[in-house]
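A short worksheet on the structure shown next.
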């Protein structure tokens, strides 16, 4: 039987979950949130009734709950703050495997998890959950010495719909920049212009600090990114718009370019959220349909491609891990391909 009781303490209310199943010692654990306590109690009771392990795992195995906690505290917390925060949130869905050991989680069980999540969330989210589960196993095998197999490696992952590719026309760019000057964020115009001229991810641009900018070399040095560190070249207009933001009274190199000195935790974890409301309002005033902040990145990439920049260079500027991610823009090269073949149209005539 599983029960959850609220207990008041000096620092607030906590929730004590208790599980008692005949033939097993009683188990209890305390949580800050009632939902977490109920989930643990239900998962633990289910595991005990199904013959799973709760407590010490066999010496050559590891409890999944322990593996998850170890991964979050020793591996995930070394990643970028926003990535660690995302994986903490994602890990809640993996409580599906609570009470089992790593060896007990079979490909069939992982496939059941996939189907359950597919009924709840979009395919891209299911893939992220499976990737996190897979990375936990990879880390356990390579670094913790657990002799097991990765159940995710042989199961099918959901298919995702074709990625949208929306970029602004020249007229839309002018409209958006005009409307961005009317928002409640006074530097929204500078932010949008910088994104259009660099193709940075919105979170990279919003979290920019002064020490990352080399005004003489016209370079932004991005060390903490989704993939590998990279250096982003700056156009002259991009340098000028950044120069306009330099505080008259001087600044510390660690100061943010766009964010306030002491941003909210939400803006620290997801810097682009600082501009979200003002950006969406500007898009609406400009009468631009189906356009999101990340599409500024698509716009920059599309115009680079259409102006003859090669795919490898575009991939390096955008920070794409593989060239295949940049290949989505190749349809924009059709006009250039036609002009190329037009040069040999007289052959044999």
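Values quoted throughout were computed directly from the atomic coordinates according to the rules given, and no laboratory measurement underlies them. Just so you know, these numbers come straight off a predicted model, no measurement behind them. Every residue, glycine among them, receives a Cβ derived from its backbone with ideal geometry; neighbour counts consider all protein chains shown.
Send over the per residue convex hull volume for the range 112-210, Cα only, as a whole number of Å³. Numbers along the way, then the final one.
On the way: hull volume 18.6 nm³, N = 99.
Roughly 188 Å³ of hull volume per residue.
Taking the inverse of the average 1/r across all pairs of different Cα atoms in the range 170-340, what Kirkwood radius in Å do you get? Please report the intermediate quantities before stating the final value.
Numbers: mean 1/r = 0.0593 Å⁻¹.
The answer is 16.9 Å.
Between residue 34 and residue 347, what FRET efficiency follows from the Cβ-Cβ distance if R0 is 51 Å, with the result rounded to 0.05? Walk me through the intermediate numbers first.
Details: r = 76 Å, r/R0 = 1.49.
About 0.10, to the nearest 0.05.
With a ≥ b ≥ c the root eigenvalues of the C-alpha gyration tensor of the range 1-51, is it rounded (a/c under 1.5), prolate (a/b larger than b/c) or oblate?
Details: a/c = 3.55, a/b = 2.21, b/c = 1.60.
Taking the square roots of the gyration eigenvalues as a ≥ b ≥ c, the range 1-51 is prolate.
Could you grab the relative contact order for the chain? Cα pairs under 8 Å, six or more apart, rounded to a whole percent.
Numbers: 439 pairs, mean separation 44.5, N = 349.
Relative contact order for the chain comes out at 13 percent.
Multiply the residue separation of residue 276 and residue 166 by 0.36 nm, subtract the distance between their alpha-carbon atoms, and state the gained length in nm to one decimal. Walk me through the numbers before you get to the answer.
Details: separation 110, 0.36 × 110 = 39.60 nm, distance 1.78 nm.
Residue separation times 0.36 nm, minus the Cα-Cα distance, leaves 37.8 nm.
When only Cα pairs under 8 Å and 6 or more residues apart are kept, what is the percent relative contact order across the range 57-161? It would help to have the intermediate numbers written out before the result.
Working: 96 pairs, mean separation 35.2, N = 105.
Contact order relative to length: 34 percent.
Where a ≥ b ≥ c are the square roots of the eigenvalues of the C-alpha gyration tensor, would you call the range 238-304 rounded, which needs a/c under 1.5, or, failing that, prolate if a/b is larger than b/c, or oblate? Show your work: numbers first, answer last.
Values: a/c = 2.11, a/b = 1.50, b/c = 1.41.
Prolate, since a/c reaches 1.5 and a/b exceeds b/c.
Averaged over all directions, how much area does the convex hull of the C-alpha atoms of the chain cover when projected, in nm²? Please list the in-between numbers first.
On the way: hull surface 104.0 nm².
Answer in nm², one decimal: 26.0.
For the range 297-349, max minus min Cα coordinate along each principal axis, in Å, sorted largest first?
The Cα atoms of the range 297-349 stretch 45, 19, 14 Å along their principal axes.
Rounded, prolate or oblate: which one fits the range 57-161, using the alpha carbon gyration tensor with axes a ≥ b ≥ c (rounded when a/c is under 1.5, else prolate when a/b beats b/c, else oblate)? Working shown, then result.
On the way: a/c = 1.82, a/b = 1.18, b/c = 1.54.
Oblate is the answer for the range 57-161, as a/c is 1.5 or above yet b/c matches or exceeds a/b.
Can you give the FRET efficiency to the nearest 0.05 for residue 255 and residue 14, using r as the Cβ-Cβ distance and R₀ = 41 Å? Display every interim value, and only then the final one.
On the way: r = 39 Å, r/R0 = 0.95.
FRET efficiency, residue 255 to residue 14: 0.55.
In a GNM of the chain with a 10 Å cut-off on Cα contacts, which of 314, 146, 21 has the highest mean-square fluctuation?
Among 314, 146, 21, the largest mean-square fluctuation in the Gaussian network model of the chain belongs to 21.
Comparing 121, 283, 174, which has the greatest mean-square fluctuation in the GNM of the chain with Cα pairs linked when under 10 Å apart?
Judging by the Gaussian network model, the answer is 121.
Go ahead and run the numbers for FRET between residue 1 and residue 330, Cβ-Cβ distance against an R0 of 51 Å, rounding to 0.05. Working shown, then result.
Details: r = 60 Å, r/R0 = 1.18.
Working from the Cβ atoms, E equals 0.25.
Taking the simple approach of a point 7 Å from Cα along Cα-to-Cβ for both residue 227 and residue 290, what is their distance in nm?
Going from the residue 227 label point to the residue 290 one covers 2.6 nm.
Starting from the Cα of residue 216, step 7 Å along the direction of its Cβ; do the same at residue 79; then give the gap between the two resulting points in nm.
3.8 nm
Pick out which of 328, 297, 270 has the largest mean-square fluctuation in a Gaussian network model of the chain, springs linking Cα atoms closer than 10 Å.
Per the Cα network of the chain with a 10 Å cutoff, 328 tops the list.
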